[in-house]
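Asks: My questions will all concern the structure given below.
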Amino acid sequence: MKHVVKKLGMILMLLIASVVSAQEEDPLRVAISHLQKGSLDSAKMVIDQLITDPQAVKDGNVWYYRGFIYKSIYNKWEKKDKQSNSRMEALKAFKQSLAIDTTKVTIAENRKNIKYLTTTLYNDACTSLDSIDYKLGIETFELFKEYYMLIDSSQENFKQYNIKFLQALGSVYAKIFEDDKAVKSEIKEANKNKKAELLKLAVDAYSKIIILDPNNNSAYYNIGTLYYEHGANLIRQLDYGTDIPTLNDAQDNTFTLYRQSLPYLEKAYKIDPTRIQTLYGLYSIYYSLNELEKSNEFKRILDEIEKK
Amino acid sequence: MKKQIYILLSIVFITLGADRPEETNAKIKAIYIYNFTKYIEWPESYRQGNFVIGIIGSNNTLINELNKMATVKTVGNQHLEIKNISPTSDVGCHIIYLLSDNSMQLAEVMEKNKNKSTLIITDKAGLATKGAGINFVVQENKQKIELNKSNIERYKLKVASSLVELAIQVK
């Protein structure tokens, strides 16, 4: 009897040992264990291997932990990298987990992590908006949009982000214009096409705001101002020795731009008839178009408001 | 691990350039005036000393623009000099520009300069038929010039046919 008990005990121990060993070899547990110890490279290696298993790819939990591991890598080493691959891998993994795993807790966790990472995307998109990195800013904002919609499909909330971003984008283009004034005329000539492209991009950015918010005063005013300034610059940049036919061509182009500017400033004026900058813009355009009666009228309104 | 979204430091309203609209119009006129010095020929005796442009009337923006031009351009070997003068001034000018507010003084200016070689420029409709050589006009919102060839030649000045062709001719 004693002998049988001893044998049974040994069998039980072997069984426990095999279960423990099987548990230790479960790659997901191994990956989690590495993650908990902070061995992110090892965790990444194991989880990347795991998603090559056809069964594991159907497991939302595997994708969730993959997302978590990549998010940790992003936080540890790639936080300053606006094009971080780990952040993208993390977002893709959380998205995949969200699509597979419908349990309440996992959905909430996935959404929380996506929200965190999209926030970093939005911040990076905004801080990329300068004269050098603005294209990266636009690409990053598109990524933000794609993932933000997973956690908040409300168009109204996204609209606010979109307007702020477009406003910033438009002002970047405008700043590039402004900086261009200091450039030598021969470079200006070479940059002519680039400037026309930037004008179009800025106008597009503000036009999108108008679609989202049809009474956005600053968008109307900014488009009007961009056209006006672009036109005025065509004259400002001319050399005194410019011949008359070239001067006439410049006047034609300038006045076309002034005409394009007018409806936007008129609309901005309708939205807010007391805004000094809009009144000054209208006074300037009509003056430049040699329509002095209208120009004087806006000057009169402007003076009245300034007296108050 | 909550991260705050940046408040964008974007420019909500773009500002208009520092230049006033008067400056753009003044620039156009300055370019025209410089062209006149290339297309009109003054007698030999006028080709020494400074090339003087006299302004009758008050328009600081225009005078500043012409002064800017004078710092970077010459007429042949002659330096440009911009002077604010009175209609009865004895200053020998190559060009006299009578601003619109002073248009009534055209006859006086013509009388004072009848024996000189001075191009008289005005800035009011109809004055090219009343003695001005060149008159600035606005046509289809654009700055153009009316030119009266005989009024220019009366002052012993030669005008190039290419300038005549570029202008609205008035007789």
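The values are calculated or read from the model by the stated rules, or taken from the named source; none is laboratory data. Small disclaimer: the values here were computed from a predicted structure and weren't measured. Note that we place each Cβ from the backbone using ideal geometry, even for glycine, and neighbour counts take in every protein chain shown. The protein model used for the area step is the full one, side chains on, heavy atoms only, and it has no ligands, DNA or RNA in it. Shrake-Rupley method; radii C 1.70, N 1.55, O 1.52, S 1.80 Å.
Asks: Net charge near A:Asp133, counting Lys/Arg +1 and Asp/Glu -1 over other residues with Cβ under 14 Å of its Cβ?
Replies: After counting each charged neighbour, the total is 0.
Asks: Taking 8 Å as the Cα distance limit and 6 or more residues as the minimum spacing, I'd like the relative contact order of the stretch A:66-186 as a percentage.
Replies: Answer for the stretch A:66-186 is 19 percent.
Asks: Between rounded, prolate and oblate, where does the stretch B:23-169 land on the alpha carbon gyration tensor, with a ≥ b ≥ c its root eigenvalues, rounded for a/c under 1.5, else prolate if a/b exceeds b/c?
Replies: Cα axes put the stretch B:23-169 in the rounded bin.
Asks: Ignoring ligands, DNA and RNA, how do B:His94, A:His34 rank by accessible area with a 1.4 Å probe, largest first?
Replies: Result, largest first: A:His34, B:His94.
Asks: A follow-up question, please. What relative contact order, as a whole-number percentage, does chain A give when Cα pairs under 8 Å and 6 or more residues apart are counted?
Replies: Relative contact order here is 8 percent.
Asks: Ignoring ligands, DNA and RNA, please state the percent of accessible area on the protein assembly as shown from carbon and sulfur, probe 1.4 Å. If you can, show how the numbers build up before the last one.
Replies: Working: 13260 of 24790 Å².
Here carbon and sulfur together make up 53 percent of the probe-accessible area.
Asks: Just for the stretch B:38-171, what percent of DSSP beta bridges are antiparallel, to the closest 5?
Replies: Here the antiparallel bridges make up roughly 40 percent for the stretch B:38-171.
Asks: Let me ask something else. Please give, to one decimal in nm, the separation of the simple spin-label points placed at A:Glu266 and A:Asp152, each 7 Å out from Cα toward the Cβ.
Replies: Going from the A:Glu266 label point to the A:Asp152 one covers 3.8 nm.
Asks: If you don't mind, there's one more thing I want to ask. Near B:Lys112, which lysines are there with a Cα under 17 Å away, not counting those fewer than 8 places off in the same chain?
Replies: Partners found: B:Lys83, B:Lys130, B:Lys156.
Asks: Using only Cα atoms, find the angle between the long axis of helix A:292-307 and the longest principal axis of chain A, and express it within 0 to 90 degrees, rounded to the nearest 10.
Replies: 60
Asks: Measure up A:Lys267/A:Lys307; A:Lys82/A:Lys115; A:Lys82/A:Lys194; A:Lys37/A:Lys115; A:Lys82/A:Lys145; A:Lys58/A:Lys92 against 20 Å on the Cα-Cα distance and list the ones that go over.
Replies: Violating the 20 Å limit, Cα to Cα: A:Lys267/A:Lys307; A:Lys82/A:Lys194; A:Lys37/A:Lys115.
Asks: Further question on the same structure: Would you please give the FRET efficiency between A:Gln83 and B:Asn67, computed as 1/(1 + (r/R0)^6) with r the Cβ-Cβ distance and R0 = 56 Å, to the nearest 0.05?
Replies: That pair, A:Gln83 with B:Asn67, gives E of 0.60.
Asks: Here is a further query. Does the stretch A:185-308 come out rounded, prolate or oblate, given a ≥ b ≥ c as the square roots of the eigenvalues of its C-alpha gyration tensor, rounded meaning a/c under 1.5 and, failing that, prolate meaning a/b above b/c? Intermediate results must be reported in sequence, preceding the final value.
Replies: Details: a/c = 2.62, a/b = 1.32, b/c = 1.99.
Note, shape of the stretch A:185-308 comes out oblate.
Asks: Report, ordered by chain and residue number, the aspartates and glutamates lying within cross-link reach of A:Lys71, taken as a straight Cα distance under 17 Å and ignoring same-chain residues fewer than 8 apart.
Replies: Here the aspartates and glutamates satisfying the reach criterion relative to A:Lys71 are A:Asp41, A:Asp48, A:Asp81, A:Glu89, A:Glu109, A:Asp124.
Asks: What is the average number of partner chain Cβ atoms found within 10 Å of a Cβ in A:232-243? Can you show the working numbers first?
Replies: Values: counts 8, 3, 1, 9, 5, 1, 4, 5, 15, 7, 6, 6.
For this peptide, the per-residue mean of nearby foreign Cβ atoms is 6.
Asks: Along the Cα-to-Cβ line of A:Glu293, 7 Å from the Cα, sits a label point; which residues in the stretch A:244-268 have backbone N less than 11 Å from it?
Replies: Taking a point 7 Å out along Cα→Cβ of A:Glu293, no residue of the stretch A:244-268 has its backbone N under 11 Å.
Asks: Working from Cα positions, state the angle (0 to 90°, nearest 10) between the long axis of helix B:21-39 and the longest principal axis of chain B.
Replies: Once rounded, one gets 40 degrees.
Asks: For the cross-link pairs B:Lys116/B:Lys144; B:Lys29/B:Lys73; A:Lys200/A:Lys294, which exceed 22 Å when the distance is taken from alpha carbon to alpha carbon?
Replies: B:Lys116/B:Lys144; A:Lys200/A:Lys294
Asks: For the full complex of protein chains and a 1.4 angstrom probe, list A:Arg259, A:Arg236, B:Arg154 by accessible area with the highest value first.
Replies: B:Arg154, A:Arg259, A:Arg236
Asks: Ok, one more. Nearest 100 Å² is fine: what is the total accessible surface buried where chains B and A meet, probe 1.4 Å?
Replies: Working: alone 10780 and 18330 Å², together 24790 Å².
By this definition, chains B and A bury close to 4300 Å².
Asks: Can you tell me the orientation of helix A:85-100 relative to chain A, as the angle in degrees between its alpha-carbon axis and the longest Cα principal axis, to the nearest 10?
Replies: 70
Asks: Would you work out if chain A is rounded, prolate or oblate? Take a ≥ b ≥ c from the square roots of the eigenvalues of the alpha-carbon gyration tensor; rounded if a/c is under 1.5, else prolate when a/b is larger than b/c, oblate otherwise.
Replies: prolate
Asks: If R0 is 56 Å, what FRET efficiency do you get for A:Glu25 and A:Asp130 from their C-beta distance, rounded to 0.05? Please list the in-between numbers first.
Replies: Numbers: r = 51 Å, r/R0 = 0.90.
My answer for the efficiency is 0.65.
Asks: Cα centroid distance between the stretch A:290-304 and the stretch A:248-262, in Å?
Replies: Cα centres, the stretch A:290-304 to the stretch A:248-262: 20 Å.
Asks: Roughly how many Å is it from the Cα centre of the stretch B:78-144 to that of the stretch A:199-223, as a whole number?
Replies: Spelled out, the Cα-based centre of one part sits 46 Å from the other.
Asks: Could you rank B:Glu44, A:Glu304, A:Glu229, B:Glu23 by how accessible they are, 1.4 Å probe, largest area first? If you can, show how the numbers build up before the last one.
Replies: Numbers: B:Glu44 130, A:Glu304 90, A:Glu229 20, B:Glu23 50 Å².
Descending order: B:Glu44, A:Glu304, B:Glu23, A:Glu229.
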